[in-house]
1. Within segment 144-167, can you find the residues that are part of a loop (DSSP other than H, G, I, E, B) and either at pLDDT 90 or above or within 13 Å of residue 178 (Cα to Cα) (or both)?
2. Keeping to segment 128-172, report how many residues are touching a helix residue (DSSP H, G or I) at 6+ places or on another chain (Cβ under 6 Å) and loosely packed, with under 13 Cβ neighbours inside 10 Å.
3. Looking at segment 100-137, which of its residues are modelled with pLDDT under 70, touching a strand residue (DSSP E or B) at 6+ places or on another chain (Cβ under 8 Å) and of a type in the set (D, E, K, R)?
4. Which condition number does residue 226 fail, the rest of (1) outside any strand (DSSP E or B); (2) closer than 17 Å to residue 258 by Cα; (3) in contact (Cβ under 8 Å) with a residue 24 or more places away in the chain being met?
5. Residue 218: in contact with a strand residue (DSSP E or B) (Cβ under 9 Å, 6 or more places away or on another chain) and part of a loop (DSSP other than H, G, I, E, B), yes or no?
6. Please pick out the residue among 233, 195 that is in a loop (DSSP other than H, G, I, E, B), in contact with a Pro (Cβ under 8 Å, 6 or more places away or on another chain) and at positive phi.
7. Could you count how many residues in segment 199-211 are surrounded by fewer than 21 Cβ atoms within 10 Å (Cβ to Cβ) and either hydrophobic (A, V, I, L, M, F, W, C) or at pLDDT 95 or above (or both)?
8. For segment 265-279, give me each residue that is part of a strand (DSSP E or B) and exposed (fewer than 15 other Cβ atoms within 10 Å of the Cβ).
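The values are calculated or read from the model by the stated rules, or taken from the named source; none is laboratory data. Being a predicted model, the structure only gives us computed values, none of them experimental. Cβ atoms come from the backbone with ideal geometry, glycine included; neighbour counts cover every protein chain shown.
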Amino acid sequence: MTIFGSGRAVHSRVAATGPRFTFYVALAIVLMFLDQRGNWLEYARYALSAAAYPVQLAVNSPSAAWHWVRDNFVSRERLAAENAALREANKALELRALRIESLEAENAQLRELEAALPDLAERWLVAEVLAVELSTLRQRVVVNKGAADGVFKGQSVLARGGLMGQVMRVGPWSAEVILISDPEHAVPVQVARSGLRTIAVGQGNTGVMTLPYLPVNSDIKVDDLLVTSGLGGVFPAGYPVARVLDVGRDPGQPLAQVHAQPLAAIDRDREVMLVWFRAGHPAAPAVESTVLPSPEAAP
């Protein structure tokens, strides 16, 4: 009884699927014919692809977002590293270019050298300005590098354009720099054109320095470039300091009245360079020696 009943059920299902199968076969033949004649299936695929795109986008969004975030962070880190490397390279080029103008005057003598001299700057350190004091009595800045970074008292400080000053006080993580415009600061300089040596003194003004010790008949004129002479044991020779603004000559006075403008952007630069120079280089700072009497010569 059970076997007979199940056989009838199977027969009824087979009979029911007969017209459905026939319909699908006919539909397949019609679709193949239409596709062969007019590429209808290509249009159908195109429509189905457009309909399925939002679903694909929703499914792939978490993975795409993760990859985007990861690639963005990697790109930012790479760009930050490249930016830091380019800044260091730019500072190095600025440091080397500072002496080009003054070295042009010595080019005839340098042609006779068989080998090029090593770079005057052995190494340098970029420091950021933390505090500024620009009054008529004090011209100082504080930078974010100190003894922990190897900074020492009397170290030369350069900025864009030329000499900026020297380290006056050193702390563990910061240092105070006295600027060349400070009234208490003086720089041994040399006129690049004529080789005339003198001293440039700060006036408490970031835009003006004076040369108070030049005779009235000195070979100096407006727009002359003043560079460090290398004397005094602090600053090396050949780095630009200022450019002459005006020269006043009064026949009744023994000294000329000369004013110069510092080339460094003293009141604008946010970064400076602390420089270590090669002690054996010909342009390194020269210390004027003082001959002391021997004990035998004492009365």
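1. 144, 145, 146, 150, 151, 152, 153, 154, 155
2. Residues in segment 128-172 being touching a helix residue (DSSP H, G or I) at 6+ places or on another chain (Cβ under 6 Å) and loosely packed, with under 13 Cβ neighbours inside 10 Å: 1 in total.
3. Taking segment 100-137 as the starting set, the residues that turn out to be modelled with pLDDT under 70 are 100-119.
Retained after the next criterion (residues that are touching a strand residue (DSSP E or B) at 6+ places or on another chain (Cβ under 8 Å)): 101-102.
Listed by number, the list holds a single entry, 101.
4. If we test residue 226 against (1) outside any strand (DSSP E or B); (2) closer than 17 Å to residue 258 by Cα; (3) in contact (Cβ under 8 Å) with a residue 24 or more places away in the chain, just (1) comes out false.
5. yes
6. On the way: 195 fails: in contact with a Pro (Cβ under 8 Å, 6 or more places away or on another chain).
Residue meeting the stated conditions: 233.
7. Total satisfying the criteria: 4.
8. Within segment 265-279, just 271 meets the criteria.
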